[in-house]
Amino acid sequence: MVSVLANSYDRYAKLLNGTHKSHVHSEQEAAALSSYKPMINSTSLMMDLKEAETAVVRALEYFDSTHHMVLYYEDLVTNHTKLKDVQEFLGLPQMELTSGQVKIHKGPLSDSVNNWDDVNKTLSGTKYERFLHTDY
């Protein structure tokens, strides 16, 4: 959600020399983009998360009869063998994959959200509380 809001902001603000970039290749560019801390609408946050969850369930139902692989971003970041599983699923030869992209948002989520206290209060004690403690 933070990345989506920050990306939407940069589409108009164009923080990098008047150009919009959703992926960057240097620490300097990442620092410029991460300086924006979005304000998350805490009033609609629970409903937004429920709608996103419903959309995922629907998408999985649509592909139920299709040979597919469920892949989570978090798994790609934390489990370096996951890309090998993807290559195997796709029938591709195993190779070492690398990216020149630099992570934009680092550290605890509380450092990246303008109204962190509101978001924390809204999600604490709910099934979405786990999102408060993730660090990718």
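None of the figures in this text is laboratory data; all of them are computed from the coordinates on show. Bear in mind the structure is a predicted one, so any value in this text is a computation, not a measurement. No Cβ is skipped: glycine too gets one built from the backbone with ideal geometry, and neighbour counts run over all protein chains shown.
Listed values, structure above:
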item	result
Modelled label reach - Leu76, point 7 Å along Cα→Cβ, region 1-29 residues with backbone N closer than 20 Å	1-8, 21-27
Ranked list, fewest to most other Cβ atoms within 10 Å of each Cβ, for His105, His20	His20, His105
Over 30 Å between alpha carbons, listed pairs Lys50/Lys84; Lys21/Lys127; Lys14/Lys106; Lys82/Lys103	Lys50/Lys84; Lys21/Lys127
Cα-based Kirkwood hydrodynamic radius, the chain, one decimal, Å	17.4 Å
Residues Gln87 and Arg58, FRET efficiency given R0 of 35 Å [Cβ-Cβ distance, rounded to 0.05]	0.80
